[in-house]
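A single structure is presented below for examination.
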Amino acid sequence: MIEVGIVMGSNSDWEVMQNAARVLKDFGIAFETRVVSAHRTPDLLFQYAEEAEARGLKAIIAGAGGAAHLPGMLAAKTHVPVLGVPVPSKYLRGEDSLLSIVQMPKGIPVATFAIGEAGAANAGLFAIAMLAGNNPELATKLKAFRKQQEATVLAMTLPEVN
Ligand code: RP5
């Protein structure tokens, strides 16, 4: 059963959002990817959000750029947790996306991540952490991932100064 939905406002967001998909795939999570535009396909947005809980989704990772209403509107229409990823925009480098996603009114939360690739990857990891609460095997994988990161940093060296 699909546990996580990854949605984005345009296929132009894929370069960033594929980082969430990559993380979920590496951890063996069943996920789906969809283009759902808040402004251009609002009916589809409502349908996706309204069906999410009954379809068994445990989290929705939503990425959008510019006037990024997709995560907030999804959150308005479903109780499934929404993880918002600000996609870098052409003119304002994603600061518009970030502010559009993070400044939700009290009562309708969207967990907001960093602009771009790191945000997409971290949204994937955050969804995994949510699922790991009920899945000991997944929790073990997450701990191993953290240990691997730790080992990588501990093995880092710096050049000598001549
Ligand atoms: C937003 O507008 C999308 O999320 C995308 O980041 C941005 C540009 O969309 P395209 O013009 O590339 O389709 O809705």
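Only the coordinates and a few stated rules stand behind these numbers; no lab work does. As the structure is a prediction and not an experimental result, all values here were calculated from the model. For neighbour counting, all protein chains shown are included, and Cβ atoms are generated from backbone atoms with ideal geometry for every residue, glycine included.
All other residues with a Cβ under 14 Å from the Cβ of residue 65 taken together, and with Lys, Arg as +1 and Asp, Glu as -1, what is their net charge? Please list the in-between numbers first.
Values: positive: 40, 90, 93; negative: 13, 15, 95, 96, 117.
That works out to -2.
Rounded to the nearest 500 deg cm²/dmol, what is the calculated helix-only ellipticity per residue at 222 nm for the chain, with -39500 (n - 2.57) per DSSP H run of length n ≥ 4? Intermediate values should be presented prior to the final figure.
Numbers: 6 runs with 75 residues, N = 162.
It lands at -14500 deg cm²/dmol.
Please list 11-17, 28-34 highest first by mean number of surrounding beta-carbon atoms within 10 Å per residue. Please report the intermediate quantities before stating the final value.
Values: 11-17: 18.1, 28-34: 14.7.
Per-residue mean Cβ counts within 10 Å order the peptides as 11-17, 28-34.
Per residue of segment 63-73, in order, report the coupling 6.51 cos²θ - 1.76 cosθ + 1.60 (Karplus, θ = phi - 60°) as ³J(HN,Hα) in whole Hz, putting x for Gly and Pro.
Residue by residue, segment 63-73 yields x, 7, x, x, 6, 8, 8, 4, x, x, 6 Hz.
How many lysine pairs are close in the chain, with Cα atoms under 18 Å apart and the two 8 or more places apart or on different chains?
Numbers: 25/58; 25/141; 25/143; 58/77; 77/106.
Eligible lysine pairs with Cα atoms under 18 Å apart amount to 5.
Continuing with this model, one more query. Excluding residue 32 itself, what net charge comes from residues whose Cβ is under 14 Å from its Cβ, given Lys and Arg +1 and Asp and Glu -1? Working shown, then result.
Numbers: positive: 25, 34, 55, 58; negative: 3, 51.
My count for the surroundings of residue 32 gives +2.
So which trypsin sites (Lys or Arg not before Pro) in segment 66-162 end up in coil per DSSP with only 15 or fewer other C-beta atoms within 10 Å?
On the way: sites: 77, 90, 93, 106, 141, 143, 146, 147; in loops: 90, 93, 106.
When the trypsin sites (Lys or Arg not before Pro) of segment 66-162 are filtered for loop state and at most 15 Cβ neighbours within 10 Å, 90, 93, 106 remain.
Here's another thing I want to ask about it. Name the residue, out of 65, 56, 119, whose mean-square fluctuation peaks in a Gaussian network model built on the chain with Cα pairs under 10 Å.
In the Gaussian network model the winner is 56.
In units of 2.2 N^0.38 Å, what is the alpha-carbon radius of gyration of the chain? It would help to have the intermediate numbers written out before the result.
Values: Rg = 16.7 Å, N = 162, 2.2 N^0.38 = 15.2 Å.
The value comes to 1.10.
After finding the eigenvalues of the alpha carbon gyration tensor for segment 104-162, what semi-axes result from the square roots of 5 times each, listed largest first in whole Å? The partial results should precede the final answer.
Details: eigenvalues 185, 83, 11 Å².
Square roots of five times the eigenvalues give 30, 20, 7 Å.
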